[in-house]
Every structure is written in C-alpha cells, then in structure tokens.
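Everything on this sheet refers to the single structure shown next.
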Amino acid sequence: LHPDRARLDYDAINDFNLLPAHLERDAFRDPAQYRKRTPFDTDTTNPGLNYGPYRIIEVVPGSHVVLERNPTWGGKTPAFRRIVVRVVENTAALEANLLSGAIDYVAGELGLSLDQALQFEKRYGDRFRVIYKPGLVYEHLDPNFDNPILADVRVRRALLLAVDRKGISEQLFAGRQPVADTFVSPLDWVHTDDVATYPYDPAAAAKLLEEAGWRMGKDGIRHDAAGKPLSIMLQTTAGSRSREMVEQVLASQWRKVGIDVRIRNEPARVFFGQTVSRRRFPGLAMFAWLSSPENVPRSTLYSDQIPSPSNAWSGQNYAGYRNPEVDELIDRIEVELDRKKRGRLWHRLQRIYAEDLPALPLYFRADAFILPKWLEGVEPTGHQYPSTLWVENWRDAR
C-alpha cells in the first residue's frame, strides 16, 4: 500500500479488507461478477476465509451460524467448544427465547433497545445480568443551514438551552445515556471538557430568541417582525420508539419557549436514503453517527462534503456547514503525527463545534447486553467493533 501522504491513521486498514488470493483470485477475475462468485458467499465455511478463536462450520440463512473452536488458533484457547449465533427478527421473540432458554445471551449491538432492556431488568434482574455500555454512537440533531431560521447560531443555541437533555436521559433512559457536549465521546482520548455547554435554561433560551428578533405572540408562538411564526419541522426514523419519545419531549419543551414544532417521520430507507442524504429535510433531522475512536470528521464537517447534484450527492455534511478554520483543522489533524500537538488541534475543533453548533448534541447512546448469571468475560467495546472481539475470554462461571 502506498498512501499519498503521511496520515495519523497510516497503520490502520479499517474497512479495506485483505483477501486470501489463493481463494479469491479466480472470483475476482471479472470484478463485475465478484459479489456473485466470492467464496465468502458461495463457500462460507471455508476455513481459509477467516481466522480467529472460532471458525464458521455451518450457516443457515435466516436462522443461525455455528462457530466451533479453531484448531489452528495460536492465541488463548476459548472455553466453549461451540457457539451458535441465532437470528431473531423482533424484540418480543428475542425476549421470549431468552426466558425459555432457547438463547443464552443477547448482544447489545443488535438486541433490545435501552428502554426495553431497562424494563426487562426490572422484571427479570434476579435471573440475568445486564451490562449498560455507553459508546461512540452520537445521537444528535442536524439543522439545515439553508433554512434562515436555523442558520442563526442564536436560534441553535436557544434550541439546546430550552431542552432538558439530562432530564431526558434520566426519565427515559435511567440516566444511562450521558449528555453530549460535542461529537467527541468522553471515552475518546481526544475529548476535552473545555467547551461551551448548554445546561437546561429556558430563560436564557428566550433571551437569545428575543435577540434574534423572535417576539412572543398571543398564540404562544414567536414571530419575526414580518409576522412569520417560529416554526421548525423535526424528522427522524419512523417506528423507533425511543426516538419518537424523545421527539415528543423536544416538541413540548420547545413549545414552552414559543417554538412551534411539526413532526414528520419517515421509514429509515426513505429518511436516510433520500431525505437526509439529499438534504431534503427543511428543519431538524434526528439520527446518530457511529464512529471509531479519534475519527476525523472530514465527511461530516468539511465544507466540500456538502451533498449536492454537482458532487453526485456524496459527502455527509448534511447540515451544509461551512467554516474555513474547521476545514484547516481537519487537514492538519489528519497529517499531524505528534500526539500532543494533535490533541491540541482536536481540542480547538471541539471548542468551535460547541460554539457554532453545526449539529445539536443530544447524548451518547448506550447499548444493553443481557447475560445469564453464569456467563463471565463478556466485554462490550464501546466502539463499532462487537462484544465478540474478545470471545476467547468468555467462560462458564458455574
């Protein structure tokens, strides 16, 4: 591999996966047909495709995958001879299977939602252990900067001040999801607390809205000098119970300071496939970013990453945020190999983020891992790699 410059992540392969040539070369002779011919799909149990404490010995699509100890693994010998990973398509069936003993462990990466896990723990906490792991999943609101209301930073700051994010976490998520100040999680070494924060302060929010020219009307909604109401559309993924609960709280608290909120949710395939990716949301879009530690936000904050017809809707700067200093910091961070210097650049980037609010931070999501009392050694990572990363440490404590 020959990178075009020395980057901070020069030693990371990330999603660029090296393939075993002796197995994949023939399948790749015609790249257009590769996805139909790759042994990863046509010969899934071939031991040459993967290497770890376990190897895949059986795959039944839509049902299960069977993993067995890998006899050629050179690391710590796993405690369990075999692990079966089952596909359960809805959370009600997932809970029923767990209670009946058909499955032993529900991984938090794709298991019960946090609110469901909290209720499960209340009912069955004597039989199971629940691990709540805050991670790098950043739940936030993207404002569309093409909307003149949201282009005003005073309005964006007022929106945050008018919301009791700590209360939302405590009331809806038992305080398990920490409030976010920027896009960088406290779990990340580049995180800094030296940023502007927005504690719940409706009076301060009202003052900012007054300064921005929004006066309270007799109808309880603010209007500008021309009589235009302060009305914002809020959108997220339809069917997400926890997000829809958060939406209701946001709308209620914003209404108290004179902001009219209209909610219009869409199926995830429409919301992400068209509305967000093509910047068709006129107000606020609520969703999450899943990132790795020290993930440089080029695609989400750099000014040339704003999706448009001219760049074939590439990039993930859905808000339409532009800041030359942020562009410069991202450029410098990517090539700064001195850890201390890079840390200072990261801190400056977070301070600008907290002041400009290219997105409105909500919280860092937590996943709930539901284990039987006897299973020990499971270590949720808190980042995008699953809890099976250290599966060789799992053990039966009975």
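Worth pointing out:
- Build a GNM of the chain with springs between Cα atoms under 10 Å apart, and of 195, 59, 249 the one that fluctuates most is 59.
- Comparing 65, 296, 378 in a Gaussian network model of the chain, where Cα atoms under 10 Å apart are tied by springs, the biggest mean-square fluctuation is seen for 65.
- Considering only alpha-carbon pairs that sit under 8 angstrom and 6 or more positions apart, the relative contact order computed for the chain is 24 percent.
- Restricting segment 300-398 to chymotrypsin sites (Phe, Trp or Tyr not before Pro) that sit in a DSSP loop and have at most 16 other Cβ atoms within 10 Å of their own Cβ leaves 313, 374.
- The residues of segment 1-71 have, on average, 75 Å² of accessible surface per residue, using a 1.4 Å probe with all protein chains present.
- Relative contact order (%) - criterion: Cα under 8 Å, at least six apart; region: segment 131-229: 29
- For the chain, a Gaussian network of Cα nodes joined below 10 Å ranks 184, 106, 335 by mean-square fluctuation, and the top entry is 335.
- Residue-by-residue Karplus 3J(HN,Hα) for segment 306-317, coefficients 6.51, -1.76, 1.60, Hz, glycine and proline x: 7, x, 7, x, 5, 10, 6, 6, 8, x, 10, 7
- Relative contact order (%) - segment 27-72, alpha-carbon pairs under 8 angstrom, separation at least six: 23
- When you filter the trypsin sites (Lys or Arg not before Pro) in segment 80-151 for DSSP loop state and at most 16 other Cβ atoms inside 10 Å of their Cβ, you are left with 81, 127.
- Part-to-part distance (alpha-carbon centres) for segment 202-242 and segment 50-65, which is given in Å: 52
- 222 nm mean residue ellipticity, helices alone, for the chain (DSSP H n ≥ 4; -39,500 (n - 2.57); rounded to 500): -8000 deg cm²/dmol
- Trypsin sites (Lys or Arg not before Pro) restricted to segment 1-41 and DSSP loop, no more than 10 other C-beta within 10 Å: 5, 25, 29
- With every protein chain in place, the chain: carbon and sulfur % of accessible area (1.4 Å): 50
- HN-Hα J in Hz across segment 372-380 - Karplus 6.51, -1.76, 1.60, θ = phi - 60°, x for Gly and Pro: x, 4, 7, 8, 10, x, 6, 10, x
The values are calculated or read from the model by the stated rules, or taken from the named source; none is laboratory data. The structure presented is a predicted model; accordingly, all values stated were derived computationally and were not measured. Note that we place each Cβ from the backbone using ideal geometry, even for glycine, and neighbour counts take in every protein chain shown. Side chains are part of the model used for accessible areas, which takes the heavy atoms of the whole protein and leaves out ligands, DNA and RNA. Shrake-Rupley method; radii C 1.70, N 1.55, O 1.52, S 1.80 Å.
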